Each structure stands twice: as structure tokens, then as C-alpha cells.
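Let me begin by presenting the structure, written as C-alpha cells, before commenting on it.
The values are calculated or read from the model by the stated rules, or taken from the named source; none is laboratory data. Remember, it's a predicted structure, so these values are computed and weren't measured experimentally. A quick note on method: Cβ atoms are made from the backbone with ideal geometry, for glycine too, and the neighbour counts reach across all protein chains shown. Heavy atoms of the whole protein, side chains included, go into the accessibility calculation; ligands, DNA and RNA do not. Shrake-Rupley method; radii C 1.70, N 1.55, O 1.52, S 1.80 Å.
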Amino acid sequence: MFRFALTRIGMALPTLLIVAVSVFVLIRLIPGDPAQLMLGDLATPASLADLRARLGLDQSLPVQFGIWIGNVVSGDFGQSISSQQAVLPLILQRFWVSAQIVLVAVLLASCVAVPAGVIAAWKQDSALDLGLVATATLLLSIPTFWLGLLLLLFFGLKLEWLPVVGYVSIAENPWAGILYLVMPILTLFLHEIGVILRMARASTLEVLRLDYITHARAKGLSEGAVLWRHAFKNAFGPTWTLIGLVLGNLLGGIAVVETVFTIPGLGRLLVDAIFARDYPVIQGCMLFVAFTYVLVNLVIDLCYPVFDPRVTAQ
Amino acid sequence: MTKGTTVLLLALAAGFGASAAAADTLRSRLNTDIRSINPGVNRDDSTDGVVLHMVEGLVANSANGTPKPLLAETIETSPDGLTYTFKLRKGVKFHDGSTLTAEDVVWNWRRYMDPKTGWLCTGEYNGANGLKAEIAAPDADTVVFTLNQPSSVFLAGMARSQCGQTAIIARSSVNPDGSFKTPVGTGPFKFGEWRRGEYIRLDRFADYADRGGPADGYVGGKKPLVDAVQFIVIPDDATAKAALMSGKLDILASVSATDAPELRAKPDIAVTSAPTMMFSTILLQTRDPLLSNVKMRQAIAAALDFRQIAQSVTDGLVPANASIVATASRYYSSEQKRGFAYDPAKAARLLKEAGYTGQRIVLMANKNERDTYETAVIAQSMLQAAGLNVDLEIVEWATQLDRYSKGNYQMQSFSYSARYDPALAYSAVIGSKDVRPNRIWDNAEAEDLLRKIVATTKEDERQVLFDKLHELFLDQAPFLMLFNGVEVSAASKRVKGFAASTMPKPRLWEVSVSK
């Protein structure tokens with residue numbers, strides 16, 4: 001297992017290098033100059049040249065890349081051009097905020113959607129199945145920004161139960177922190193239910209058609225035992241993979257939800273950095289997101305044997 | 001109701017009680033976080049709006065853009081316009097308790113002139129752009145600036161918000177190594193707490209030395225009437241509106257003019273508006289093969305209904321203005337009111353004379369600034385109706401600014417931030433494109449007139465020169481000035497003393513909020 005994990009992490013290194021090079025080059029291909037954006041209409045050719053030199057942007061691209069990647073390897077992601085903060089602590093601070101929302105939302109969505117998907121498959125073509133599929137499709141179709149605004153108007157403005165704007169860290173004030181996180185979590189939770197439920201239903205349906213399920217029923221096993229012991233365990237693999245992908249994606253940024261609910265998370269940091277052409281922050285965020293993605297999927301892979309003994313780390 | 005539900009509701013109510021506390025805090029929205037708290041060094045409009053609550057300069061702009069004494073008691077100018085003598089106000093305290101002296105002003109000026117400080121306006125005073133200013137402090141209350149050449153925009157330049165109002169800060173603002181720490185200024189509020197991406201809180205400065213009188217731009221009365229002001233970062237417009245309606249926000253500045261009617265309909269919200277000195281334009285690249293022909297540019301001007309564009313984009317809150325001199329400026333004379341007449345027949349005739357045969361022209365705009373986008377859409381429609389083959393190219397702001405800076409465009413819907421002296425506004429557009437590709441009006445006669453305006457400090461002489469420059473501008477149509485900006489602000493009716501002003505960002509002194 002340990003060797004498998006190490007091999008996977010080793011295999012991720014070329015991926016991260018490709019991400020680093022791609023992001024570095026692509027962001028510089030887009031028109032826009034951070035020095036110009038900082039100086040605004042006070043820019044003169046001399047002041048522009050001076051600021052570019054101070055930011056190291058006057059060096060050739062290979063030199064800039066060499067300096068940056070060298071620093072990254074030693075754990076220094078550089079300094080934000082616009083806020084002049086160290087990039088890595090900034091990313092970690094913002095990531096923690098996003099991660100609280102994403103982890104809770106995906107966990108809750110999985111707890112609801114997986115059983116619902118299994119039941120929908122078990123009761124295929126019944127009113128319950130149709131209702132669940134319709135709900136999943138509806139939730140999947142509603143854009144998160146709109147769903148967020150609806151929740152905000154309902155719980156924030158109409159019922160006045162939850163705060164409309166702002167963020168309080170759970171570490172500082174657990175109760176207030178939870179209140180501020182309820183709506184963002186609910187938004188993601190509702191959206192992800194649709195994604196996971198459909199996959200859980202489809203994979204369970206596939207398994208329910210297999211011979212060993214018929215055999216289990218012929219043996220006289222109860223429906224509960226058939227579903228849980230034989231169908232669910234075998235059908236959960238694809239859903240588990242999907243949960244991993246969803247988690248990886250969402251941990252990379254939920255900019256829309258963060259913008260609607262004024263949450264200072266990683267997604268907003270990245271979007272703001274792109275608008276400001278804050279190269280060190282963009283590069284740092286993208287590299288971190290890629291690393292998170294790889295890590296999450298590694299954990300997912302390592303968990304497979306728990307659900308399906310046929311799969312081993314070998 | 002179950003026991004569990006009751007407990008939950010009680011707990012929720014307790015949570016609101018906690019968050020609704022601190023009623024003596026005035027909460028205003030920021031649509032993006034500020035860049036820094038270092039005046040005039042790392043800034044944008046949001047940054048200036050916050051920082052200028054903490055720091056003050058020797059001079060600042062009044063509501064009509066006239067630079068007036070702020071930390072100075074009086075300003076005397078020598079007859080040759082080369083010496084400015086500032087008498088400082090007595091008893092002005094910094095936030096650390098120390099008293100403002102002439103030596104502090106000298107220290108600040110030397111710090112600003114040091115390239116290591118990174119002050120954005122150093123080049124305006126160190127000779128790089130022609131003007132050089134030397135400072136001396138003959139006594140504890142007097143500061144003398146000596147210029148190498150007369151400059152009518154010397155004070156206006158110092159008062160610019162982009163330069164952080166050339167703020168005078170205490171030496172305790174910097175670390176022993178000279179790096180910036182926090183702004184220890186003389187403003188009505190002092191630095192409290194900045195949570196990046198969330199909010200910045202400023203606390204009342206109890207020892208603020210108020211000049212008294214009614215609030216007037218950045219001068220006049222500036223008493224802090226609340227314990228604290230909190231600028232909350234809310235990027236999304238819909239969320240910001242919801243926050244205002246739910247009472248989580250007291251002031252929502254820079255509302256889109258088209259959103260104003262909806263907010264006006266709310267009984268608990270007061271909406272105010274004021275014209276600003278921003279200028280919305282359609283830039284024409286005079287080096288473009290097609291648009292280098294003055295008849296083409298005149299045809300474009302005749303094809304646009306300026307009044308209709310201003311009416312539609314600003315919801316009728318500001319009139320059309322074809323002059324670079326803002327309508328709120330003291331230099332906005334009857335001559336400045338002259339503009340282009342909407343005349344499609346004339347446009348068609350001029351196009352024919354210019355030999356235009358339907359070549360494609362690209363009009364660039366961005367969606368980050370709603371006004372410039374809407375202007376572009378309306379202008380495109382009018383130009384197409386007049387027979388011009390105009391396509392829209394929508395890009396994001398950084399891309400448009402890049403293309404603007406390089407002069408790489410045919411037409412752009414573009415808006416300039418406020419310049420309170422028209423000479424500064426003209427300076428942003430007049431100049432050689434060979435030297436600075438972002439200049440719009442490359443004309444020797446215009447440059448000469450601008451030089452004369454900058455060199456004279458007499459108001460009546462300046463007025464004549466501004467009028468001449470406007471006449472030349474209409475004649476050559478190097479670009480099209482459409483209308484000045486409008487600041488629309490919405491505030492809870494619990495807020496007293498607040499109204500939108502010429503300043504594009506809200507000022508929260510002399511403003512209170514009832515519990």
C-alpha cells in the first residue's frame with residue numbers, strides 16, 4: 001500500500017511540472033500587464049519599466065520560470081503582486097475556508113444521494129424512482145449562483161434566519177461560523193446531490209441486472225441483504241470515483257458560491273488574481289489545485305479495497 | 001413545534017443578536033478588496049476611498065474639484081508662480097498622539113521622492129516630467145515648495161486621490177528599515193483591522209482636528225460621528241442589494257444607474273445621485289488608416305446621438321457632455337457646452353466624402369464596467385444605422401487596458417477616472433503617440449495650448465485657453481467625449497448625513513447611523 005502511494009505521488013510529479021509550465025506560459029499569453037494594472041492611468045514609460053523591473057517582469061520568460069520553480073521547490077511560492085502577501089500562506093488560509101464548505105457539502109450529499117440512488121434503482125420505473133430522478137435532474141440543472149441567490153433571498157431576507165453577507169471563522173466563533181456556512185454548504189449540497197444520485201442509480205441498476213443478484217434472490221436472501229451485501233458494495237465503485245472527482249473539482253475552487261456568499265475562499269482568490277494578472281498567485285493556486293486533485297484521487301484509489309476486496313493496491 | 005426546533009430557533013435568534021450588535025458601526029460595501037493601506041503606493045479606486053478616511057494631505061479637492069487647504073491653514077503663491085508657502089494648521093494630531101510639524105511634512109516629501117517608497121506620483125515632481133519641486137521648512141509651522149517652472153496643476157496634483165492626496169503621515173507609520181507598516185495619519189478615522197477578502201474596519205479618531213463647516217468633498221467638516229466604519233467586501237451586486245435590504249449593510253455606493261429605480265421603490269432605503277468627474281468616451285485611433293481621416297471621425301460624431309446615449313446609460317441622471325471639462329467643474333463655461341449635433345444625413349455625406357466603402361471597424365468594450373459596455377452596444381447600433389460597419393469586441397478589463405496602453409485598437413468604449421482639474425484630464429489624453437502610445441490626441445497645437453494652461457495660474461486666462469482647446473477638440477474630433485459619470489448611492493434611512501457626492505467613493509465622516 002505504502003509503495004503504491006509513493007509510486008502514485010511520484011507519477012504525479014510530471015503532471016505537476018506540466019501544470020506549472022502550462023499555467024506559467026498560458027497566463028502570459030493573455031493580454032494584460034500587472035504593472036500596467038497597478039499603475040493605472042499614472043503609468044509613464046519610465047514608471048512602467050521601473051515597476052516591471054521591481055517585479056522581475058523584465059527578465060526573459062525562461063529566467064522568470066527558472067527562478068519561480070526553483071523557489072517553489074524550496075517551498076517559497078513567491079509574493080502576491082497586488083497584495084504583497086506571501087502566496088503559500090495565503091493559499092492555505094483560503095483553501096481551509098473553501099475546504100470546510102466542500103467537505104461538508106460533499107459528505108452530506110453523498111450520505112443522501114447514494115442511498116437515494118440505490119433505492120431509485122431498486123424501485124426502477126416506480127413513482128419514487130421518477131420523483132428522485134426528476135429531483136436530481138432539476139437540482140443538477142439549476143446554476144449554483146441562482147440557487148445561492150434564491151436561498152439567500154429566502155433564508156436571509158424573507159425568514160431572516162441566516163446572515164446574508166460576511167464570514168466568521170469557526171475557530172473564532174463556532175456558532176456564528178456555522179451560521180455563515182449554512183447557505184453555501186446547502187447550495188453545494190443540493191447541486192451535488194443531483195450529480196451523485198444519478199451515478200449511484202445508474203451503477204446500481206447495472207449491478208442489479210447481473211446474474212449473481214438473481215442468484216442471491218433465488219437463494220432466498222432478503223431484499224435488504226441483496227441490496228446492501230451484493231448490489232451496493234459492487235455498485236459503489238463508480239460512485240466513489242465520481243465523489244473523488246467532484247471533491248477534487250470543488251476543492252479547486254467554488255468561485256461562484258464564494259462570490260454570492262462573500263466567502264473569502266480559494267476560488268475567489270484565483271479569480272481576483274486572474275483579473276489582476278497577479279502571476280505568482282495564479283501560478284501558486286493552479287499548482288496547489290492540481291496537487292489537491294492528485295492527492296484526493298490517490299486517497300480515493302487507496303480506499304477502493306475497503307469497498308471492493310477484488311481491488312488491491314497491487 | 002418540537003423541542004428541537006424551538007432550541008434551533010432560539011439559537012438562531014441568539015446568533016443574530018450577536019451579529020446585529022455594534023449598531024454604532026457604519027457599514028459600507030466594497031465591490032473588491034483594497035490593494036493596500038499604503039497611500040498612493042499600491043492602490044485602486046477602492047483603496048483610495050478607504051485610505052483617505054485615515055490620512056490627509058496639505059490640500060484636498062472640494063466638491064467642485066478646487067484644491068483647498070486641508071492640513072494647511074493658508075497657501076500663498078508667489079507672483080511668478082514658483083514658490084508655494086504653506087502655513088500649517090496648529091494642533092493637528094496624528095493617530096499616535098504626536099503633533100504635526102513642518103519637519104513631518106519635509107520627512108514625508110523626502111520619503112515620497114525616494115524611489116524605494118514606490119509612490120506612484122514621484123515622477124510628477126522629480127523632474128522626470130519637467131516639473132521639479134524642492135521643499136524647505138523655515139519654521140515649525142511653515143513649509144515652502146520651490147518649483148523649477150510655474151504649474152497651475154501643482155496643488156491639484158498634490159490633491160489627487162491617485163497620489164493618496166500626498167498624505168502626511170507620522171514617522172511611526174514605517175518600520176525602522178523604512179518599510180511601510182500602517183498609516184498613522186491625521187484623518188477622522190484610524191486604522192482598526194483589515195481581514196483580507198472580508199472587511200476593513202476603521203475606528204473613530206477622538207482627537208481629530210476638524211476644520212469645521214459643512215462637508216465639502218475632501219475638505220470642510222470631517223467629524224467622525226460613529227465609533228467605527230466597516231468596509232465590507234461584497235463582490236456580487238445582487239448579494240450587496242440583499243445585504244442592504246436585510247439591514248446588514250448601511251450604505252451601498254456606486255449602484256448601477258439602472259438599478260436605482262428598484263432601490264428607490266423600497267421604503268427603508270434612500271437613493272441619492274451626483275455627477276462625478278469621470279469621463280465616458282469613445283476613443284478613436286487616429287493612426288488607424290480609416291480613422292486618421294478627420295471626416296470619418298466627424299461622421300462618427302454626427303452619427304451618434306450623445307443625448308440619447310447619456311439618457312439611456314445613466315437613466316437620465318446626467319446630461320450629455322462633449323467636453324473634456326466636466327459639467328461639475330468651475331471651468332464648464334457656455335463654450336464648453338457646445339457639442340456635436342446628431343445628424344445622420346451629415347454623417348452619410350461625410351462618409352461619402354471620406355471615401356468610406358463599408359470597411360469593418362471594431363469597437364472594443366468590456367463587461368466589467370457596465371456603463372462602458374452599454375455605451376458600446378448603443379453606439380454600435382447608432383453607427384450601423386448610419387451605414388458604418390461596426391463590430392463589437394468584448395474583452396475583459398485587463399485585456400482592454402493592455403490594448404489601450406499599446407494603442408492597439410480602432411475604437412474603444414472607455415471611461416477615465418475623475419480628474420478634478422481639467423488640465424489633468426487633458427494631460428491624460430494629449431501627447432505624442434510616439435512617446436506614449438496610450439495618448440489619444442496627438443496634435444502640436446493642442447499640446448501647445450495645454451502647456452500654456454499648465455503654465456498660467458490665472459483663472460480667467462485658463463478659462464479662455466480651455467475654451468480654445470475645446471473648440472479645437474470639436475474641430476478635430478480625435479475622440480468622442482460622451483458624458484460624465486454619475487455616482488448613485490443607496491443608504492438605509494437609519495443613516496443620517498450621507499449623500500452621493502462628486503467623489504466616486506463614499507465619504508463616511510459627518511455621517512451617523514441610528515440604532
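Hey, B:Asn175 hits all of (1) crowded, with 20+ Cβ neighbours inside 10 Å; (2) closer than 30 Å to A:Ala86 by Cβ but one; which does it fall short on? All conditions are met except number (1). Of all the numbered requirements in (1) over 17 Å from the mean Cα position of the chain (by Cα); (2) under 24 Å from B:Pro214 (Cα atoms); (3) surrounded by fewer than 22 Cβ atoms within 10 Å (Cβ to Cβ), B:Gln476 misses one, and that requirement is (2). Which one is farthest from B:Gln230 (Cα to Cα) among residues in the range A:158-180 that are at the interface with chain B (Cβ under 7 Å from one of its Cβ atoms) and crowded, with 16+ Cβ neighbours inside 10 Å? Step by step, filter the range A:158-180, then rank; the result is A:Trp161.
With respect to the conditions (1) crowded, with 17+ Cβ neighbours inside 10 Å; (2) part of a helix (DSSP H, G or I), A:Gly32 lacks only one, and its number is (2). The lone criterion from (1) in contact with an Asp or Glu (Cβ under 8 Å, 6 or more places away or on another chain); (2) open to solvent by 10 Å² or more (accessible area, probe 1.4 Å) left unmet by A:Thr262 is number (2). B:Ser254 meets the conditions (1) open to solvent by 30 Å² or more (accessible area, probe 1.4 Å); (2) of a type outside the set (Val, Ile, Thr); (3) farther than 30 Å from B:Thr66 by Cα; (4) at pLDDT below 95 in every case but one. The failed one is (3). Applying a threshold of 8 Å to beta carbon distances and a minimum spacing of six or more residues, or different chains, the list of pairs starting in the range B:28-45 at a residue that is within 9 Å of another protein chain (Cβ to nearest Cβ) and among the hydroxyl-bearing types (Ser, Thr, Tyr) and ending at one that is open to solvent by 30 Å² or more (accessible area, probe 1.4 Å) and outside any loop (DSSP other than H, G, I, E, B) reads B:Thr32/A:Asp272. Identify all residues within the range B:102-126 that are part of a loop (DSSP other than H, G, I, E, B) and open to solvent by less than 20 Å² (accessible area, probe 1.4 Å); write none if there are none. Within the range B:102-126, B:Gly118, B:Trp119, B:Cys121 qualify. Summed over the range B:127-139, residues that are more than 14 Å from every other protein chain (Cβ to nearest Cβ) and either open to solvent by 30 Å² or more (accessible area, probe 1.4 Å) or out of contact with any strand residue (DSSP E or B) (no Cβ under 8 Å at 6 or more places or on another chain) (or both) total 6. Scanning the range B:153-179 for residues that are among the hydrophobic types (A, V, I, L, M, F, W, C) and not in a loop (DSSP other than H, G, I, E, B) yields B:Phe154, B:Leu155, B:Ala156, B:Met158, B:Ala159, B:Cys163, B:Val174. Going through (1) under 21 Å from the mean Cα position of the chain (by Cα); (2) within 14 Å of another protein chain (Cβ to nearest Cβ) one by one, A:Gly32 falls short only on (1).
Entry remark, the range A:73-95: residues being assigned to a loop (DSSP other than H, G, I, E, B), under 18 Å from A:Ala276 (Cβ atoms) and not aromatic (Phe, Trp, Tyr) number 7 in total.
Tally the residues that are closer than 29 Å to B:Tyr416 by Cα and either over 16 Å from the mean Cα position of the chain (by Cα) or aliphatic (A, V, I, L, M) (or both), restricting the search to the range B:495-515. Qualifying residue count for the region: 9.
For the range B:231-257, the set of residues classified as out of contact with any helix residue (DSSP H, G or I) (no Cβ under 7 Å at 6 or more places or on another chain), more than 7 Å from chain A (Cβ to nearest Cβ) and part of a strand (DSSP E or B) consists of B:Ile251 only. Among the residues of the range A:294-314, those that are polar (S, T, N, Q) and at pLDDT below 75 comprise A:Thr312, A:Gln314. Looking only at the range A:53-78, residues that are open to solvent by 70 Å² or more (accessible area, probe 1.4 Å) and at pLDDT 90 or above come to 8 in all.
Within the range A:234-248, not a single residue is open to solvent by 10 Å² or more (accessible area, probe 1.4 Å), of a type in the set (Ser, Thr, Tyr), in contact (Cβ under 8 Å) with a residue 24 or more places away in the chain and touching a Pro at 6+ places or on another chain (Cβ under 9 Å).
With a requirement of 2 or more residues that are within 14 Å of another protein chain (Cβ to nearest Cβ), the helices (runs of 4 or more DSSP H) lying completely within the range B:393-469 that satisfy it span B:397-406, B:422-429. Got a sec? Which of B:Ser381, B:Ser333 is of a type outside the set (A, V, I, L, M) and touching a residue at least 60 places away in the same chain (Cβ under 8 Å)? Going through B:Ser381, B:Ser333 in turn, just one is of a type outside the set (A, V, I, L, M) and touching a residue at least 60 places away in the same chain (Cβ under 8 Å): B:Ser333.
So which of B:Thr77, B:Thr99 ends up being more than 14 Å from chain A (Cβ to nearest Cβ) and free of Cβ contacts under 8 Å to residues at least 12 places away in the same chain?
B:Thr99
Based on this model, can you work out whether B:Asp203 counts as charged (D, E, K, R), assigned to a loop (DSSP other than H, G, I, E, B) and either more than 23 Å from the chain's Cα centre (by Cα) or away from chain A (no Cβ under 14 Å) (or both)? For B:Asp203, the condition - charged (D, E, K, R), assigned to a loop (DSSP other than H, G, I, E, B) and either more than 23 Å from the chain's Cα centre (by Cα) or away from chain A (no Cβ under 14 Å) (or both) - is not met.
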